[in-house]
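For reference, the structure is listed below as structure tokens.
The values are calculated or read from the model by the stated rules, or taken from the named source; none is laboratory data. For clarity, every value in this text was computed on a predicted model and none was experimentally measured. Glycine also receives a Cβ, built like all others from the backbone with ideal geometry; neighbour counts cover every protein chain displayed.
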Amino acid sequence: MGLLKKLALSKQKNNLISMLQDSVKDGMPLTEIVDAFEKMCQIPMEDDMILFETGTYKFTGEPLFYFSMTRQFPNGGEEFYQLHLDVMYSPNEENKAFKNSVWNEDIDEDIFKYIKESEAFKYASADKYLKIKIYMDET
């Protein structure tokens, strides 16, 4: 990949994360958070994929229920950038049942329709989340 293309990709990557950080505010309803992520995903990126994942994990050392969306796209080499939006909740018996991982390419319907119609979304929309984390990493 040429230098100009790498610079353009780096700028586009930074624009995506800035857009998401500017759009998502602590305390906003989950519906608006998902809408902001969906809007960010409307900006074209070559060979991108979207992951929707829910479950209770100990990524921070303490168990938390995660309602997560990730946009993955090539980094210009052989790896991928992953832009994550994690909405974290206190774990409990009710949300323990929601453990799922779905890539947009694995379903026939629109991933955001799938997310908004999921039982996890219905549950999480009615519950109060603890925090939101937006970050970028590479595979």
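Below is a table of values for the structure above.
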item	result
Hits in region 2-30 - residues which are out of contact with any strand residue (DSSP E or B) (no Cβ under 8 Å at 6 or more places or on another chain), modelled with pLDDT of 90 or more and assigned to a helix (DSSP H, G or I)	Ser18, Met19, Asp22, Ser23
Residue match in region 19-28 (condition: polar (S, T, N, Q) and either under 16 Å from the mean Cα position of the chain (by Cα) or within 15 Å of Ile134 (Cα to Cα) (or both))	yes
Qualifying positions in region 49-59 - in a strand (DSSP E or B) and farther than 15 Å from Ser125 by Cβ	Met49, Ile50, Leu51, Glu53, Gly55, Thr56, Tyr57
Those residues of region 45-67 which are under 21 Å from Leu130 (Cβ atoms) and not aromatic (Phe, Trp, Tyr), in sequence order	Glu53, Thr54, Gly55, Thr56, Lys58, Thr60, Gly61, Glu62, Pro63, Leu64
Members of region 31-48 that are farther than 13 Å from Phe67 by Cα, of a type in the set (A, V, I, L, M) and part of a helix (DSSP H, G or I)	Ala36, Met40
Failed condition for Ser125, given (1) assigned to a strand (DSSP E or B); (2) in contact with a Ser or Thr (Cβ under 9 Å, 6 or more places away or on another chain)	(1)
Condition met for Asp106 (out of contact with any Cys (no Cβ under 7 Å at 6 or more places or on another chain) and surrounded by 12 or more Cβ atoms within 10 Å (Cβ to Cβ))	no
Looking only at region 58-94, and only at residues there that are among the hydroxyl-bearing types (Ser, Thr, Tyr) and modelled with pLDDT of 95 or more, the one that is farthest from Asn15 (Cα to Cα)	Ser90
Matching residues, region 60-107, being farther than 26 Å from Leu16 by Cβ, part of a loop (DSSP other than H, G, I, E, B), over 19 Å from the mean Cα position of the chain (by Cα) and among the charged types (D, E, K, R)	Glu62, Glu93, Glu94
